[in-house]
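Novice: After the structure tokens below, expect a handful of questions from me.
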Amino acid sequence: KVNKEQDTSTNTPTSFRQQLQAALYDKDYIIVSEIDTGMTNTFFKVSKSNSPVKDRFYVAQIFKQDSSKYDQKLLDFFYDARAPFVSIQDFSAEYPRYIIRDYIDGINIHKLLKAGVKLSLPQILTSMIAIARGLRALHKNRIFHDDLAPSNILLDSKSDTHILPMNIFLYDKSSITWRQLEDTIKYASPEQLNQLGKRSKKRLNPNANQ
């Protein structure tokens, strides 16, 4: 296993694979292939060696951010979650931290738009309704999605909409004001950008009140 004091500052697809292999050392998951590499992470397609369902796959990733916000109530909601959410299958808050979710055979909306694919009006409306219903279910459970960007919304081969459980947190009045802006700035809300601007002004002005 990887030593807990190991330096993981060099985050390449290879180092992420090594960290994930260490995390799954005594688990039944097997890394099948690399799916995608983002700015801060790499996603891997994995399978379960003892799964009774043939060709069932999952997505696994190592994550660096603070995992304390993933408390049990939050995880309970996403374990075997219903559509439009992608359910979480396994999670570890201990080093090396990882999360495993269902594999969706599809593509995210960001890649579709980048490729110049134009969605039909019925598809757009269907996706918007699915997302709205998903957000309503989250908010009823005092859960918020902090990065509802096109890259975190998938369309599968049947054109069904799926929301990835990325940057999710339970509502905490004290943390909403001061928490870091974690979502994609391009799709951030005005309230979040306003808080980001206030923090930037304080950093730039040495005489600002703390």
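The values are calculated or read from the model by the stated rules, or taken from the named source; none is laboratory data. Computed from a prediction, not measured in an experiment: that's the story for all the values here. Heavy atoms of the whole protein, side chains included, go into the accessibility calculation; ligands, DNA and RNA do not. Shrake-Rupley method; radii C 1.70, N 1.55, O 1.52, S 1.80 Å.
Novice: Accessible surface of Glu94 in the full protein assembly, 1.4 angstrom probe, to the nearest 10 Å²?
Specialist: The value for Glu94 is about 130 Å².
Novice: Of the listed pairs Lys73/Lys140; Lys114/Lys158; Lys54/Lys158; Lys48/Lys111, which have alpha-carbon separations greater than 23 Å here? Write down the numbers at each step before the final one.
Specialist: Working: Lys73/Lys140 13 Å; Lys114/Lys158 20 Å; Lys54/Lys158 20 Å; Lys48/Lys111 28 Å.
Lys48/Lys111, as the Cα separations exceed 23 Å there.
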